[in-house]
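All remarks here apply to the structure that follows.
The values are calculated or read from the model by the stated rules, or taken from the named source; none is laboratory data. Because the structure is a prediction, the values reported are computed rather than measured. Every residue, glycine among them, receives a Cβ derived from its backbone with ideal geometry; neighbour counts consider all protein chains shown. Surface areas here come from the heavy atoms of the whole protein model, side chains and all, with no ligands, DNA or RNA. Shrake-Rupley method; radii C 1.70, N 1.55, O 1.52, S 1.80 Å.
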Amino acid sequence: FVILLYKEKEDYDLNPGSYILNRAFECVDGSYAYSVKKLPKNLPPWTYYLLVGEQGERGPWTPASALVPIVIQPTQP
């Protein structure tokens with residue numbers, strides 16, 4: 001599976017390759033899980049758009065979810 005993060009909602013429609021994060025992982029026993037806690041800590045505060053994609057051993061990824069807004073906020077000390 002592939003985790004993609006876009007800065008703007010329309011970025012995926014206008015240019016699917018314009019993601020700011022693209023991470024691929026293997027499915028385990030046909031399942032996958034990803035914690036947003038694993039996102040880079042240096043992302044500036046913003047509302048980003050997360051997309052889960054699927055990808056075989058060959059070829060490009062294809063969407064497996066809708067774009068989901070996620071809000072990145074600074075953590076409080």
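Data overview
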{"quantity": "By accessible area with a 1.4 Å probe, ligands and nucleic acids excluded, highest first: order of ASP29, ASP11", "calculated": "ASP29, ASP11"}
{"quantity": "Cα-centred dipole magnitude for the chain, charges only on beta-carbon of K, R (+1) and D, E (-1), debye, nearest 20", "calculated": "340 debye"}
{"quantity": "The chain: C-alpha gyration tensor shape, a/c 1.5 cut-off, then a/b vs b/c", "calculated": "oblate"}
{"quantity": "Additional length obtainable on full extension of the chain from GLU8 to ASN42, 0.36 nm per residue less Cα span", "calculated": "10.5 nm"}
{"quantity": "Sequence-distant aspartates and glutamates (8 or more away, or on other chains) whose Cα lies within less than 17 Å of LYS38", "calculated": "GLU26"}
